[in-house]
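First the structure, in the form of structure tokens, and then the observations on it.
The values are calculated or read from the model by the stated rules, or taken from the named source; none is laboratory data. The structure displayed is predicted, hence computed values, not measured ones. Glycine also receives a Cβ, built like all others from the backbone with ideal geometry; neighbour counts cover every protein chain displayed.
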Amino acid sequence: MIAAIEQLELLRPGWLLALLPWLIWVLHSHLSRTRDPRWSQVIEPELLDALATGPATGGHDWVDRLSRWALRLAVLLGIVALAGPSWREQPAPVFQASTARVLVLDLSQSMNAQDLPPSRLARARFAAMDLIDSASDGRLAVVAFAGTAHAVVPLTTDHRTAKHLIGTLAPDLMPVPGSAIATGLRQALALMEQGQALSGDVILLTDSAPDEAAQAAAQQLADAGYRLSVVGFGTRDGAPIPSDRGGWVHDRSGRMTLARLDEPGLRRLAAAGGGQYQPLPNQALTLEMLGVQAVARGSSNSADHNETRRREDAGPWLVLLVLPLALLGFRRGAPWLATVALTLALTDPVYALGPDWLWRNADQRGQDQLQAGQPEAAMQTFKDPNWKGTAAYQAGDYEAAIDAFSAPTTADQAYNLGNALARAGQLDAAIEAYDQALALDPTLEDAAFNKALVEQLQQQQASQQSPSQDPSESSESGQDNANPSEGGESDAEDAEGNPSDPPGDDQRSQGTPSAEDSDPQSPAPDDATQNDPAESADAPSASTEDDPAADADSPPDQAAGNPALPDPASEAEQAAVQQWLRRVPDDPGGLLRNKFLLEQQRREARRQREANE
């Protein structure tokens, strides 16, 4: 008993303040049930027992007292349970991973040398990926350096992302050329300290010759408890360095520069860092080759040696005692609801949002319906006209979409209005809407492109409706040219996708459907003009592609097909695809290049401020 009291710890001791009102309630209820002695002076004892001021007598007196004290005890136990009594501790690991490793990759110009085919850099990237594959667990970081060092990936367990970014690394991403090994090692040390790794391994992949600064940085890593391993790339004879301008790099005297591997220097560097040097093997590079795995197993950074103790809350277990006491305290007129409230308070917190209409606006509810593939219901739910037009557009109700976008004030709204008009077959009005969008934003390429497609479609329809042309061919030709937008697929995505972002949880209900938020080439009117207006006056917006009975209603020669008809992938569709592909930049490392440049500019600005101070 004494040991249990010594181990007792309250996780939420503030709830003990509730004992004061509990004590007042108990005293008040007890005193109110006590017989007032002044009445015994004027009333006979036989009559006094029948008064409401005293307790009832008879065989039920003990039941009444038991129920009262059971209720009081239940409330007391509920207060103690809310205070969070704890007698036990549970271990909880501090670190999610057991090891920490940093790959430091050299991106100097000499890594483009081709004495290791296809190049030193390509082999270094492959080796880094092999090391990641051999590291089945633990956290990993990637550092790239040339004249400066930058963190590509901080310490993370997402090895897939690290491999993907390593494949994009190249010397032209670095803002400052050079081969400063020391900066790369110091950046690796900073990542280790930021990740709170007690120990770990730094693996350097380079072909550069280390200097005294690199030796000092390696010693600094060892002093901090991190081991440095080095992997060398290149040959002793060396190889010429390709130049960015073509040809080869020359020194000041005009002689060709050869990048030779300084193996003795790299061995000394690894020894200073407490690790070992490994030349590039002919097989896949693994951590075992560097002796890293053996150190990781005995590392003090493992979860077995780094864990904390967390107290176990025993309050919910007291509910088992509160429930039977509450049953005993249940009687007519007893405030047993207090016990029920305290019991419910012991459960895990649940955030009941209640009715959806109470906590979310109409546009947010419409967003959920739109994402669930219910554009018709979303169209009725949305209050904002832009979102209502978006839902109507996806539902295929282009007339309703036109009404919603009828008063455009921005280029995006006019652009979406043109899309809806084109889908509805109102090509002249669609061109006017695109002109309005271009007047508001001359840089909106999508509006200009779709305007040209609609104009081309008008010309095709005019030629197909000539008197010398067979009506059936005109109808089917209209079907083949009904998709003037990007490859046909873009229009379908626009009809079923989002021409604009739906409102999110931040209640952006007044936002405007944006052309960039939808498929950039998605608004062209494919469905609206699939049937020649002259042939489908009763249903101008009907689509023969969407109607399974269209072929059955066609003339026999049209149903049989005409081998001379063009392929559905028209020239306009091909042009849309080519335009979209040209807009995709072929620069996978552009994000890292901008990131490294921004970091370098910030460093220079910080150094200038420190120099001025």
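Here are the numbers:
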| read-out | value |
| --- | --- |
| Residue check for residue 157: under 22 Å from the mean Cα position of the chain (by Cα), farther than 21 Å from residue 286 by Cβ and touching a residue at least 12 places away in the same chain (Cβ under 8 Å) | no |
| Test for residue 121: is it at pLDDT 90 or above, in the same structural domain as residue 185 (by TED's automatic domain parsing) and part of a helix (DSSP H, G or I) | yes |
| Test: residue 399 is surrounded by fewer than 24 Cβ atoms within 10 Å (Cβ to Cβ), touching a residue at least 12 places away in the same chain (Cβ under 8 Å) and within 23 Å of residue 572 (Cα to Cα) | no |
| Long-range neighbours under 6 Å by Cβ, at least six apart or interchain, first residue crowded, with 17+ Cβ neighbours inside 10 Å within region 219-235, second of a type in the set (Ser, Thr, Tyr) | 230/277 |
| Residues satisfying the stated conditions in region 236-257, i.e. crowded, with 17+ Cβ neighbours inside 10 Å and part of a strand (DSSP E or B) | 239, 240, 242 |
| Filter pass, residue 152 being closer than 18 Å to residue 119 by Cα and in contact with a strand residue (DSSP E or B) (Cβ under 6 Å, 6 or more places away or on another chain) | no |
| Any hit, region 71-91, residues being buried (at least 19 other Cβ atoms within 10 Å of the Cβ) and at pLDDT below 80 | no |
| Number of positions in region 221-232 that are over 17 Å from residue 196 (Cβ atoms) and part of a strand (DSSP E or B) | 6 |
| Unique residue being touching a helix residue (DSSP H, G or I) at 6+ places or on another chain (Cβ under 8 Å), acidic (Asp, Glu), farther than 30 Å from residue 99 by Cα and assigned by TED's automatic domain parsing to the domain that holds residue 181 when the list is 251, 244 | 244 |
| Of the criteria (1) part of a helix (DSSP H, G or I); (2) of a type in the set (Gly, Ala, Ser); (3) out of contact with any Leu (no Cβ under 8 Å at 6 or more places or on another chain); (4) at pLDDT 80 or above, which one residue 378 fails | (3) |
| Hey, residue 120 among the basic types (Lys, Arg), over 20 Å from residue 191 (Cα atoms) and touching a residue at least 24 places away in the same chain (Cβ under 8 Å) or not | yes |
| Selection status of residue 201, over 24 Å from residue 117 (Cα atoms) and over 37 Å from the mean Cα position of the chain (by Cα) | no |
| Unmet requirement for residue 218, which otherwise passes all of (1) in a helix (DSSP H, G or I); (2) of a type outside the set (Asp, Glu); (3) farther than 27 Å from residue 140 by Cβ | (3) |
| Any hit, region 387-401, residues being part of a helix (DSSP H, G or I) and modelled with pLDDT under 85 | no |
| Residue, farthest from residue 575 (Cα to Cα), within region 422-436, restricted to residues that are free of Cβ contacts under 8 Å to residues at least 60 places away in the same chain, of a type in the set (A, V, I, L, M, F, W, C) and surrounded by 18 or more Cβ atoms within 10 Å (Cβ to Cβ) | 433 |
| Hits in region 241-292 (condition: hydroxyl-bearing (Ser, Thr, Tyr) and under 19 Å from residue 108 (Cβ atoms)) | 243, 257, 277 |
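Table: residues versus (1) hydrophobic (A, V, I, L, M, F, W, C); (2) crowded, with 20+ Cβ neighbours inside 10 Å; (3) over 21 Å from residue 271 (Cβ atoms); (4) in contact with a Ser or Thr (Cβ under 7 Å, 6 or more places away or on another chain).
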| residue | (1), (2), (3), (4) |
| --- | --- |
| 124 | yes, yes, yes, no |
| 146 | yes, yes, yes, yes |
| 158 | no, no, yes, no |
| 182 | yes, no, no, no |
| 206 | no, yes, no, no |
